[in-house]
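Okay, here's the structure, questions in a sec.
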Amino acid sequence: MRQRQIIQVLEQFQKSRMQFVQSVADLAAQPQNIEILHNTGVLSLLCPLLLDSVPSIQQTAALALGRLADHSEDLAEAVVKEDILPQLVHSLASHNRFYKKAAVFVLRAVAKHSPELSQAVVSCGGVDALVLCLEEFDPGVKEAAAWALGFIARHNASLSQSVVDAGAVPLLVLSLLEPEMALKRIAASTLSDISKHSPELAQTVVDTGAIAHLAQMILSPDAKLKRQVFSALSQISKHSVSLAEMVVEAEIFPAALACLRDPDEYVRKNVTTLMREVVKHTPELSQVIVNCGGLAAVIDYLGDCSGNLRLPGIMMLGYVAAHNENLAMAVILSKGVPQLALCLSEESEQHIKAAAVWSIGQIGYHTPEHAKAVATANLLPKLLQLYMDASSSEDVQTKSKKALKNVLQKCTHLPALEPLLYEAPSNILKHVVCQFSKVLPHDSKARRLFVTSGGLKKVQEIEAEPGSPLQEHITTINNCFPKEIVRYYSPGYSEELLQGLENYQPA
């Protein structure tokens, strides 16, 4: 009888503990309850339960702590201050897969918030424990560990290096070969987070044979996997010519271009980002993308999306065009200029406008033919407007001024230049007038048109300092015309005529 009473009391205690951790875990799943739970001191009540004799109570206590830490940086810091991490790390080696997933969730929830909190996980041996979890048989434990390692690696190069030093990369690459889709995704994502910080870290990933495995998955039916695969390939490619060449040599083009028509917008964006990171390095790498139809595909993509999704495509066109005049002409022939003009008029975000302006400048600065393509798209007045608009960001103004100046210095298409005579400030006007002074002496048709359109009259109205380059250009233009015509269009000449009329005595 007495024994039964004692057992009953112990069972009741166990049942109450289980009920408590389960209730806290359920409450912690709802954001509106988190602060109240924290204020009632729930962390110090959960900590002892991580060492409970009943595995399911340990596991549920870890789940509750993970949900609390996941909610905010302050709560994650509170978990660290309770000295919970060392015992979690220590217990990872000896518990079942359910507990391991819950404990790893706590480590991930702490690490995600800041480099300092990630460092707390590293300092208590968390990375080594997580890497051991990557060797577990259970794919759910591997997935949880890969996810936590990704959150640690993404903050900075030093934390990423600690993940590499613990031996995570070969195991993450092996995880790409597992049948579970969720594990493949998170392994690719973590490899991307490791690769992004430096050429050395990216090289570590490449040295394990990651590129070949990633390349095999670019046509996977799973959109979320493709997002991560293209992200990882982009992060590898961005650092150097040799890394970009290794990605291209894996023969992902032109197959990757098919993904620019993928229903998932982030797959499309990440493919375009990869192309941008490849083409920026050398004319040869740009030519590879151009030869497989990359320009037309990206220009079509720009027509089908908006906002930040356009950014990598806009920049990709600029990088290709910047290398040399042949590649810039390839962008023009692929109808890239009208598409960039459309992006410029449709987008309101300043950083997107700045990118479009920069790319337009890269296309137009090579030769008069390139400049004409920009000018005939009516982009010179638009660039001038963005430069002079007080609401434009400093970056947009700077890039607009530079693009305008560079294109103007090559532009000999006078009909496109003439409107700028009336609107441009003096620092831009000198480049406009300079172009007229180059063309008019050699083109009689242009001279006639310059008079009839009012251009010559406008030039006479420009106030230029004696001896300045602007004054020299005006003099060169005036020397193209008979003196009486120049005088006729000069300011004050009509008053002079009227004065002469008043003084005129008929015979």
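To test your reading of the geometry: what angle, between 0 and 90 degrees and rounded to tens, separates the Cα axis of helix 493-503 from the longest principal axis of the chain?
The angle comes out near 30 degrees.
Same structure, new question: Find the all-direction average of the projected area of the Cα convex hull for the range 75-203, expressing the result in square nanometres with one decimal place.
6.9 nm²
How large is Rg/Rh for the range 421-502, to two decimals, with Cα atoms and a Kirkwood Rh?
0.99
How big is the equivalent ellipsoid of the range 284-411 along its three axes, where each semi-axis is √(5λ) from the Cα gyration tensor, reported in whole Å from largest to smallest?
Three semi-axes, in Å: 21, 17, 11.
Further question: Give the lysines whose C-alpha is closer than 30 Å to that of LYS112, dropping any in the same chain fewer than 8 places away, or say none.
Straight-distance partners of LYS112: LYS81, LYS100, LYS101, LYS142, LYS184, LYS196, LYS224, LYS226, LYS238, LYS269.
So what's the angle, to the nearest 10 degrees on a 0 to 90 scale, between helix 426-439 and the longest Cα principal axis of the chain?
Here the helix axis deviates by roughly 60 degrees.
Which of LYS100, LYS483, LYS280 has the fewest other C-beta atoms within 10 Å, and how do the rest follow up to the most?
LYS483, LYS280, LYS100
Could you list ARG17, ARG261, ARG67 so that the one with the fewest beta carbons within 10 Å of its beta carbon is first and the one with the most is last? Can you show the working numbers first?
On the way: ARG17 19, ARG261 13, ARG67 24.
Going from sparsest to densest Cβ surroundings: ARG261, ARG17, ARG67.
Tell me which chymotrypsin sites (Phe, Trp or Tyr not before Pro) from the range 114-189 have a DSSP coil assignment and no more than 16 other beta carbons within 10 Å of their own.
Values: sites: PHE137, TRP147, PHE151; in loops: PHE137.
Qualifying residues, ordered by number: PHE137.
While we're on this one: Are there GluC sites (Glu not before Pro) in the range 41-119 that DSSP puts in a loop and that have at most 16 other Cβ atoms within 10 Å, and which ones?
GLU82
Something else now. In Å and on Cα atoms, what radius of gyration and Dmax does the range 119-173 show?
For the range 119-173, the Cα radius of gyration and maximum Cα-Cα distance read 10.2, 30 Å.
If I take every Cα pair under 8 Å that is 6 or more residues apart in the range 284-411, average their sequence separation and divide by the length, what percent do I get for the relative contact order?
24 percent
For the range 1-47, take N as its residue count and report Rg(C-alpha) divided by 2.2 N^0.38 Å.
In units of the globular-protein estimate, the range 1-47 measures up at 1.54.
Now, a different point. Under 16 Å Cα to Cα from LYS438, which aspartates and glutamates show up? Leave out anything in the same chain fewer than 8 places away.
Partners within reach: GLU369, GLU418, GLU472.
May I pose another question? Could you work out the Rg to Rh ratio of the chain, with Rh taken as the Kirkwood radius (inverse of the mean 1/r over all Cα pairs)?
With Rg and the Kirkwood Rh in hand, the quotient comes to 1.22.
Could you list LYS81, LYS382, LYS142 so that the one with the fewest beta carbons within 10 Å of its beta carbon is first and the one with the most is last? Provide the component values of the computation, followed by the final result.
Working: LYS81 10, LYS382 20, LYS142 25.
So the residues, fewest neighbours to most, are LYS81, LYS382, LYS142.
Checking the cross-link filter: which aspartates and glutamates have an alpha carbon closer than 14 Å to that of LYS15, excluding same-chain neighbours under 8 positions apart?
Cross-link targets: ASP52.
How many lysine pairs does the range 284-411 hold where the Cα atoms are under 18 Å apart and the two sit 8 or more places apart or on different chains?
Going through the range 284-411 pair by pair, I get 19.
Values quoted throughout were computed directly from the atomic coordinates according to the rules given, and no laboratory measurement underlies them. Everything numeric here is computed off the predicted structure, so don't read it as measured data. Here the Cβ is made from the backbone with ideal geometry for all residues, glycine too, and neighbour counts use every protein chain on show.
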